[in-house]
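FYI, it's all coordinate maths here, none of it is from the lab. The model shown is predicted, which means the values in this text are computed figures rather than measured ones. Quick reminder, even Gly has a Cβ in these numbers, built from the backbone with ideal geometry, and neighbours come from all protein chains shown.
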Amino acid sequence: MSEELEVKVEAKEERRPQRRSDRPRRERVEREKSPYEARTVSIGRIIKVVKGGRRMRFNAVVIVGDGKGLVGFGTGKAKEVADAVNKATKDAEKNLVRVPIYRTTIPHEVIGHYGSGRVLMKPAVPGTGISAGGPVRTVMELAGVEDVLTKCLGSNTRINVVRATFEGLKQLRSVEQVAEMRGIEAKKVLK
C-alpha cells in the first residue's frame, strides 16, 4: 500500500501547475541613484466623500539637496503615499535653486514672502548652528548652510513656510554678484 501512495503523490506533483514563485522573474531595471538627499516635510491625507463612500488621496512635500548650495522642493499627489512621495521627489529635482553660501552661513539678511507666510533669515557666526524650526531647518540642512538664524513670521503652514523660505533664498546675492552689479571689485563691497 505504501508504494501505491508514493506513486499517487508523485503523480499529483507532476500534474501540479507551476507556481508564480517558481517561474523566472523579469529582470528589474534599477533606477539610477539620485545625487541628492531627499527628505519628506509633510504628508497630507485628503478624504473626498462620494456616493459610494470615501475616497482617500495623499499629498506630499519633499525637499532635495546636495549639501553644497543646491536645494529644491516639490509636491506630489496620488492615491498611495509612496507614489505621492516619488512624484514630489521628481518635481523637487526639476526645481533646484542655487544658494550662495558665505563661509558657513548666508551672505546677508533677507525676508522671504509667500502668501501670508514670511520667513526671516539672518547670517550667524560660525558655531551657532541652524536656529530654525521644522521645514526651514530641513531646507537649510540640505542646502549646506551650517550657521543661520531664522524666524517664521505670519502663517506657519508647512508648504507656505517652505515656499517663503525658497523665495528668500532666491533673493540672496553673493559678494561677487553684488560687485558685478555695482561695477566694482569684490573687496570694496565688504568695506
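Worth pointing out:
- For segment 103-114, a residue qualifies if it is β-branched (Val, Ile, Thr) and buried (at least 21 other Cβ atoms within 10 Å of the Cβ), and the qualifying residues are Thr105, Ile106.
- Residue list for segment 34-86, restricted to those being over 21 Å from Ala143 (Cα atoms), touching a residue at least 12 places away in the same chain (Cβ under 8 Å) and assigned to a loop (DSSP other than H, G, I, E, B): Lys79, Glu80
- Selection status of Gly117, at negative phi, touching a Cys at 6+ places or on another chain (Cβ under 8 Å) and surrounded by fewer than 20 Cβ atoms within 10 Å (Cβ to Cβ): no
- Only one of the numbered conditions (1) surrounded by 14 or more Cβ atoms within 10 Å (Cβ to Cβ); (2) in contact with an Asp or Glu (Cβ under 9 Å, 6 or more places away or on another chain) is not met by Val99, and that is (2).
Every residue, every condition in (1) outside any loop (DSSP other than H, G, I, E, B); (2) small (Gly, Ala, Ser); (3) touching a Ser or Thr at 6+ places or on another chain (Cβ under 9 Å), yes or no:
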position: Ala92; (1), (2), (3): yes, yes, yes
position: His113; (1), (2), (3): yes, no, no
position: Val119; (1), (2), (3): yes, no, yes
position: Val139; (1), (2), (3): yes, no, yes
position: Leu142; (1), (2), (3): yes, no, no
position: Ala164; (1), (2), (3): yes, yes, yes
position: Lys170; (1), (2), (3): yes, no, no
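- Meets criteria (within 9 Å of the chain's Cα centre (by Cα) and among the aromatic types (Phe, Trp, Tyr)) for Phe58: no
- Picking from residues in segment 124-139 that are closer than 19 Å to Tyr36 by Cβ and of a type outside the set (A, V, I, L, M, F, W, C), the one that is surrounded by the fewest Cβ atoms within 10 Å (Cβ to Cβ) is Arg137.
- Residue in segment 154-191 that is farthest from Leu120 (Cα to Cα), counting only those that are surrounded by fewer than 15 Cβ atoms within 10 Å (Cβ to Cβ) and hydrophobic (A, V, I, L, M, F, W, C): Ile184
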